[in-house]
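> Take a look at the following structure, please.
The values are calculated or read from the model by the stated rules, or taken from the named source; none is laboratory data. All of these numbers come straight from a predicted model, not from anything done at the bench. FYI the Cβ positions are ideal-geometry reconstructions off the backbone, even for glycines, and counts take in every protein chain you see.
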Amino acid sequence: MLNRVLGKWLLMFTGYATVVASGFMIGVGGAAFEAGPLALVSYWVFGGLATFATAFVFSELATMFPKCGGVWEYTKQAFGNDHPVSFMVGWIYWFALLFGLNVELVSVGIYVHELVPSVPQWAGALATALIFVALNFIGVKLSTIIEAGFGVILILSSATFILLGLGHLDFGLYSDFAPNGTVMPLLKTLPFVVIAFCGFEVIATLAEESKNPKKDIPKALIGAATFLTVLFGGFATVLFGLVPASELATEAPLLKAGAMIFGGIGLAWLALQSLSGSMSTVNGGVMGQTRVMFAMAREGWFNKRFAKIDKKSNIPKGALYFTAVSMVLVSLLPLITERAWVWAGFLGVFGYALSYIMACFLVIYFRTKLPDHERPFKVPFYPITPIVGIILYILAIVYSGIDIIIVGVTWCLVGVGYFYVFGRKSRNKFLSDLISKDGNLNNVK
């Protein structure tokens, strides 16, 4: 069993700090390239709608089924543990966490290399991976305290930048507000906007370690969604009034903005903020990936070694070892392709969007099939909220690009192959072993 040691504030800051990273700090450059200053509308409207839809949907599901595993757990409740759809949702969500949050390893390498050109991009990423794996081995309480600390730093730093930036706005930069048109450029910003907000639902995967999940999980999710929408919308609004959109379309746009407006101090300040954001997301990624894999392994879908819990720290050490290996591999992506950030980030968008689409569908499914089930939290504006979420996340996948869709679909096919070749065999052996000890199949499913 996992220890219930997390309160609502640790949960909320974990969700907030997990997200405030390169998804926005680098991705805003891609959004600027596609739409110019119009991209700020995407952060406020599309980002806000998608994020609150996600927060509301996961709040309802997590309080109905407050267990480790996130959307995989909720899918099991709908279709059963042994259904291929249930396994695939867990597989895809694990994939999303792997790329969507580990992309921050790539961005850490970018920032370190920008500041210290003699340090290769992969070296900074690798060092960061090893540091946060080591911290997570100590225990989840320390990891979340560190994450909360990052959250406080990022809130204060971001708010300071926005307030100071308001005094330096050049309103003339907004004059050519939609240089590339309106509808299509806005749609093309969706993958960049979605990856900025993705990951805060990791709060739901910590439900078994929450002191009061039925109250604290919704407060943490909605609080994080509010912070993130105001932060990214405000940050984008100020940023496009400080620097021409054409000059933001770089690998590290915030560093450029800081240097242009505040000189060397601004460069150092935003570099530290960007590094803090990326490192906090790496830490959140370690926690999320580890717990999804642990949840699937303890029910037989992966080797039982990945379900082992360390007796001293009470963390899933088997899954954490595997997470460490995956992080090392992702940190070396820049050695393979110069588009490492875009590839890892958009693959994260693919996985997250599919997972969020399933979560939105499950809210509708459970409202129909289990109308009398206890719901400590109910999605407001139902069914409009989950439907809006489904539409926005489908569009995010479509505009990620055909190469990303091909790789994502390939991963799904690998998951189907694993399920039929290895997964069912592993699961059946797990059930057989439990039945031999318990003697009753109903007690182990």
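> Hey, Asn81 hits all of (1) in a loop (DSSP other than H, G, I, E, B); (2) of a type in the set (S, T, N, Q); (3) within 20 Å of the chain's Cα centre (by Cα) but one; which does it fall short on?
It is condition (3) that Asn81 fails.
> If you check Ala245, Ala236, which single one turns out to be buried (at least 24 other Cβ atoms within 10 Å of the Cβ) and over 23 Å from the mean Cα position of the chain (by Cα)? Give the steps one after another, and end with the answer.
Numbers: Ala236 fails: over 23 Å from the mean Cα position of the chain (by Cα).
Result of the check over Ala245, Ala236: Ala245.
> Sticking with this one: With basic (Lys, Arg) and either at pLDDT below 90 or part of a helix (DSSP H, G or I) (or both) as the only criterion, which of Arg375, Arg291 stands out?
Values: Arg375 fails: either at pLDDT below 90 or part of a helix (DSSP H, G or I) (or both).
Selected residue: Arg291, the only one of Arg375, Arg291 that is basic (Lys, Arg) and either at pLDDT below 90 or part of a helix (DSSP H, G or I) (or both).
> Kindly establish whether Gly70 is modelled with pLDDT of 75 or more and more than 24 Å from Phe302 (Cα to Cα). Steps first, answer last, please.
On the way: modelled with pLDDT of 75 or more: yes; more than 24 Å from Phe302 (Cα to Cα): no.
Answer is no for this residue.
> Name, by its number, the condition in (1) of a type in the set (A, V, I, L, M, F, W, C); (2) modelled with pLDDT of 75 or more; (3) surrounded by 20 or more Cβ atoms within 10 Å (Cβ to Cβ) that does not hold for Leu255.
Among (1) of a type in the set (A, V, I, L, M, F, W, C); (2) modelled with pLDDT of 75 or more; (3) surrounded by 20 or more Cβ atoms within 10 Å (Cβ to Cβ), Leu255 violates only (2).
> Something else now. Scan Gly181, Gly233 and give me the residue that is assigned to a helix (DSSP H, G or I) and at pLDDT 85 or above. Explain how you work it out, then say what you get.
Values: Gly181 fails: assigned to a helix (DSSP H, G or I).
Matching residue, one of Gly181, Gly233: Gly233.
> Quick check: is even one residue across segment 185-205 in a helix (DSSP H, G or I), in contact with a Cys (Cβ under 9 Å, 6 or more places away or on another chain) and at pLDDT below 85? Spell out how you get there, then give the answer.
Step one: list which residues in segment 185-205 are in a helix (DSSP H, G or I), which gives 185-197, 202-205.
In the following step, the residues that additionally are in contact with a Cys (Cβ under 9 Å, 6 or more places away or on another chain) were identified as 205.
When the remaining residues are screened for being at pLDDT below 85, the result is 205.
Yes.
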